[in-house]
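The values are calculated or read from the model by the stated rules, or taken from the named source; none is laboratory data. Given the structure is predicted, the values throughout are model-derived calculations rather than measurements. Counting neighbours? That spans all protein chains shown, and the Cβs are built from the backbone with ideal geometry, glycine included. Each accessible area value is taken on the protein alone, full model and side chains, heavy atoms only, with ligands, DNA and RNA left out. Shrake-Rupley method; radii C 1.70, N 1.55, O 1.52, S 1.80 Å.
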Number of protein chains: 2
Amino acid sequence: MLTESEKKTYMFISDYIKQQGIAPTLPEIAAGIGISSKGVIHRYVQALAEKGWITLIPKVHRGIKLTSKALSKAFSLPLLGTIAAGQPIEAIQTHTEIDLASIFAGEGRYLLRVRGDSMIDEGIYDGDMIICQQTTQVHNNDIVIALIDKQEATLKRLQRNIDGTITLIPANPSYSPMTYPAHRVSVQGIFIGLLRVPR
Amino acid sequence: MLTESEKKTYMFISDYIKQQGIAPTLPEIAAGIGISSKGVIHRYVQALAEKGWITLIPKVHRGIKLTSKALSKAFSLPLLGTIAAGQPIEAIQTHTEIDLASIFAGEGRYLLRVRGDSMIDEGIYDGDMIICQQTTQVHNNDIVIALIDKQEATLKRLQRNIDGTITLIPANPSYSPMTYPAHRVSVQGIFIGLLRVPR
DNA sequence: ATTGAAAGTTCTCTAAAGGTTCTCTATGCT
DNA sequence: AGCATAGAGAACCTTTAGAGAACTTTCAAT
């Protein structure tokens with residue numbers, strides 16, 4: 001756990017290295033975060049090293065290296081790279097964190113478990129959970145949770161037609177698109193993402 | 001059980017951490033729940049720690065951490081029901097909370113972006129992110145991230161054969177299973193789940 | 001190879017802010 | 001009355017933040 005100043009110090013060092021390709025000196029860090037004493041910076045840098053965020057090469061000017069540990073928010077996971085069959089894992093050059101809070105947190109987010117296979121061509125399988133956002137603002141071609149006649153709920157791609165009707169399009173050739181007058185269809189939410197955790 | 005004020009305190013702390021990624025100070029909590037005395041907050045925070053909702057690092061500023069039990073409460077989404085994507089059926093009202101922390105949190109969890117379509121019959125599509133667990137303990141028939149000859153990484157279902165060899169089975173009829181001697185295959189991690197967030 | 005400016009290291013000091021420990025008061029409940 | 005819950009606030013200790021002096025070391029220009 002970093003203090004406010006330690007975090008500022010770390011972020012400055014990290015940015016500096018990213019831009020310049022070389023670590024900053026203590027006075028540079030000091031100037032960068034608005035401090036006049038390099039002694040103070042030395043203390044912060046030592047603390048960062050002790051906490052494992054950077055490694056120091058003692059006595060060497062600009063002897064700061066970043067460790068793999070990245071600044072992560074409370075709920076995030078590292079995206080380490082891309083895997084493609086038959087190729088080495090292609091490490092992502094800039095270490096990326098996926099902020100899970102931005103995907104899952106928020107008013108009106110909820111999950112639904114999917115039954116059936118009508119969206120199978122979108123890769124939405126029986127048993128999957130879909131992340132939904134409660135909203136009335138729907139764009140054409142969004143995947144929506146639609147309530148038909150305030151009775152039947154269904155997951156389909158929504159298409160507004162010129163004549164005011166709405167067509168719900170499944171992603172499975174075995175099923176046919178269905179067209180309804182707008183007043184019979186009410187959108188409960190839109191599809192944000194998919195979460196599948198087998199077992 | 002928590003008293004009214006303890007509950008308010010806890011909820012403020014939990015929200016604060018979720019948003020800021022760092023714990024609040026006692027005066028901040030006090031202001032947040034409309035109290036002027038930090039001494040009072042200290043009492044509540046101690047109580048929460050004793051009851052196991054948070055852990056405290058003594059004397060450290062902002063030294064409050066949510067316990068894993070609390071974390072899973074804070075980081076969960078309601079599973080509102082089941083939506084049938086085939087024949088339109090009504091959405092169910094079984095109210096369950098899905099604990100996202102148990103899916104995503106933990107040592108050695110990371111994400112990989114998938115390229116290619118070799119697992120398409122498992123519903124793992126190009127561009128999806130897979131949640132992985134770094135481990136060496138692999139069960140037969142797990143989906144694994146395997147490294148072949150310490151070079152090629154690939155996502156396949158793993159099958160141990162009686163003769164000691166290992167077969168990696170794709171989920172796409174266009175690709176064939178491949179059998180290797182065990183020493184050529186090293187497992188980098190196992191497939192925990194799938195996360196897809198379009199756009 | 002020398003050398004001096006810049007960088008790193010080690011201190012001591014100060015102040016502000018956060019955490020800790022009290023005591024005191026009030027209110028509602030049994 | 002006795003107890004649990006709530007709150008105010010004073011007093012005190014510790015951490016965090018910062019300044020800056022004094023010293024040693026590195027490194028690059030001469």
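Results, tabulated for the structure shown:
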item: Rounded tilt (10° steps) of A:38-50 against the dominant C-alpha axis of chain A; result: 60 degrees
item: Cα-only Debye scattering, the range A:106-195: base-10 log of I(q)/I(0) at q = 0.11, 0.17, 0.20, 0.26 Å⁻¹; result: -0.27, -0.67, -0.94, -1.48
item: Rounded FRET efficiency, nearest 0.05, which uses the C-beta distance separating A:Ser5 from B:Arg43 and R0 of 35 Å; result: 0.75
item: Residue-by-residue Karplus 3J(HN,Hα) for the range B:128-145, coefficients 6.51, -1.76, 1.60, Hz, glycine and proline x; result: 5, 9, 10, 8, 10, 10, 5, 6, 10, 7, 10, 9, 4, 6, 5, 8, 10, 9
item: Stretch gain in nm, segment B:Val197-B:Leu56, where the contour uses 0.36 nm per residue and the Cα spacing is subtracted; result: 47.2 nm
item: Net charge dipole size for chain A [Lys, Arg +1 and Asp, Glu -1 on Cβ; Debye, nearest 20]; result: 780 debye
item: Pairwise FRET efficiency - B:Asp121 versus A:Ile162, Cβ, R0 = 30 Å, nearest 0.05; result: 0.20
item: Pair-distance profile P(r), taking every C-alpha pair of chain A, with 5 angstrom steps and integer %; result: 1, 6, 11, 12, 11, 9, 8, 7, 8, 7, 7, 6, 4, 2, 0, 0
item: The protein assembly as shown, dipole about Cα centre (Lys/Arg Cβ +1, Asp/Glu Cβ -1), debye to the nearest 20; result: 1520 debye
item: Chains A and B, summed buried accessible surface - 1.4 Å probe, Å², nearest 100; result: 5000 Å²
item: Hydrodynamic radius (Kirkwood) for the range B:137-183, which is based on Cα pairs only, to one decimal in Å; result: 10.9 Å
item: Average accessible area per residue (Å²) across the protein assembly as shown - probe 1.4 Å, nucleic acids and ligands excluded; result: 53 Å²
item: 20 Å-binned pair-distance histogram of the protein assembly as shown (Cα, whole percent); result: 22, 45, 30, 3
item: J(HN,Hα) series, the range B:20-37, from Karplus relation 6.51 cos²θ - 1.76 cosθ + 1.60, nearest Hz, glycine and proline x; result: 8, x, 8, 6, x, 8, 4, x, 5, 4, 4, 4, x, 10, x, 10, 9, 10
item: FRET efficiency estimate (nearest 0.05) - Cβ-Cβ, A:Asp99 to A:Lys65, R0 22 angstrom; result: 0.30
item: Point-charge dipole on Cβ atoms (K/R +1, D/E -1) for the range B:123-196, about Cα centre, debye to 20; result: 80 debye
item: Virtual spin-label span in nm between B:Ile33 and B:Ser174, 7 Å along Cα→Cβ; result: 5.8 nm
